[in-house]
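Each remark here refers to the structure printed beneath this line.
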Amino acid sequence: MNTNITSLRARVLQPEARLIEDEPYFEPVRDEVALFEAAYASRLPVLLKGPTGCGKTRFVEHMAWRLKRPLITVSCHDDLTASDLVGRYLITNQETVWVDGPLARAVRAGAICYLDEIVEARKDTTVVIHPLADERRILPMEKRGELLQAPPEFMLALSYNPGYQNVMKELKQSTRQRFIGIEFTYPDAAVEAKIVVAESGIDPADAEKLVRLAHMTRNLKGSGLDEGASTRLLVHAAKLMRLGVAPRTACTGAIAEALTDDEDMLRAVNELASSLF
């Protein structure tokens with residue numbers, strides 16, 4: 001029973017390296033592409049900062065395609081440990097075998113390893129990446145007594161949302177100062193509408209209304225909403241509308257209900273949607 005549980009946990013925590021063959025759609029906002037390429041050429045890790053749903057993950061996928069490197073993505077969470085990233089000994093078929101974690105496999109393969117929402121992981125996780133994120137570029141594998149040297153092709157990328165930082169979940173300076181920082185924000189209205197059209201196939205006029213709605217909700221951040229509507233939520237609403245769902249129904253399900261459970265704020269967001277549709 002324990003062996004089966006351990007083996008299942010190992011499989012769940014083994015995201016596959018994938019070579020992205022088709023170009024992921026990404027609309028540059030500033031100079032993020034050039035900065036990422038320069039960091040890769042200089043063998044420097046990058047830290048992507050920005051609100052939820054603003055395109056950080058899509059950007060990394062686009063850059064992996066652009067650089068022709070395999071990508072391993074790890075979604076960080078409270079239970080993620082250093083062993084989950086580096087690897088562990090497992091018992092399988094009554095034999096003890098070592099299984100590399102996703103970070104070790106990325107180093108060996110010369111892949112881009114993307115740790116999404118790094119502040120959600122346990123503190124010991126960030127300590128493990130320190131020697132990999134500075135000029136040493138090594139991954140200590142203490143349980144094996146091995147120092148894994150990263151090849152030139154390997155790159156480490158982290159992301160986090162500064163808006164969710166608090167005393168318990170913040171990125172320490174000892175970690176931050178190892179990285180090149182790239183800040184992400186929501187694009188201007190014209191670019192954001194273009195993204196919504198490209199991702200959903202919706203009519204441009206309706207895309208513009210969704211973007212206006214997003215800007216209205218973002219003005220409510222800190223006044224009842226933790227976050228305004230992200231570009232991702234706009235795409236969700238647009239896809240529903242593209243399939244014939246009434247605009248206000250789509251906005252309620254894809255935007256209002258996704259943003260809050262508070263009845264007053266739900267009513268406010270729905271009223272904003274009604275004013276546009």
Odd one out for ALA189 among (1) buried (at least 18 other Cβ atoms within 10 Å of the Cβ); (2) in contact with a His (Cβ under 9 Å, 6 or more places away or on another chain): (1)
Subset of segment 22-42 [crowded, with 16+ Cβ neighbours inside 10 Å and out of contact with any Pro (no Cβ under 9 Å at 6 or more places or on another chain)]: PHE26, GLU32, VAL33, PHE36, TYR40
Scope segment 200-213; condition out of contact with any Lys or Arg (no Cβ under 8 Å at 6 or more places or on another chain) and touching a residue at least 40 places away in the same chain (Cβ under 8 Å); matching residues: ASP206, LYS209, LEU210, ARG212, LEU213
Any hit, segment 107-120, residues being farther than 20 Å from MET63 by Cα and either basic (Lys, Arg) or without any contact (Cβ under 8 Å) to a residue 60 or more places away in the chain (or both): yes
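Could you pull out the residue among VAL167, VAL119, VAL196 that is of a type in the set (A, V, I, L, M), at pLDDT 90 or above and at negative phi? Reasoning before the result, please.
Values: VAL167 fails: at pLDDT 90 or above; VAL119 fails: at pLDDT 90 or above.
The conditions single out VAL196.
Of all residues in segment 199-232, which are part of a loop (DSSP other than H, G, I, E, B) and not aliphatic (A, V, I, L, M)? Before the answer, list the steps.
First pass over segment 199-232, keeping only residues part of a loop (DSSP other than H, G, I, E, B): 201-203, 219-220, 222-224, 226-230.
Hits for segment 199-232 are GLY201, ASP203, ASN219, GLY222, SER223, GLY224, ASP226, GLU227, GLY228, SER230.
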Residue list for segment 215-240, filter: crowded, with 24+ Cβ neighbours inside 10 Å and either free of Cβ contacts under 8 Å to residues at least 24 places away in the same chain or in contact with a strand residue (DSSP E or B) (Cβ under 7 Å, 6 or more places away or on another chain) (or both): THR217
Residue in segment 198-214 that is hydrophobic (A, V, I, L, M, F, W, C), under 25 Å from GLU23 (Cβ atoms) and surrounded by fewer than 17 Cβ atoms within 10 Å (Cβ to Cβ) present: yes
One residue from VAL74, VAL99 being more than 16 Å from the chain's Cα centre (by Cα), crowded, with 16+ Cβ neighbours inside 10 Å and assigned to a strand (DSSP E or B): VAL99
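The values are calculated or read from the model by the stated rules, or taken from the named source; none is laboratory data. Worth saying up front: this structure is predicted, and the values here are computed from it rather than measured. Please note: Cβ atoms are built from the backbone with ideal geometry, for glycine as well, and neighbour counts cover all protein chains shown.
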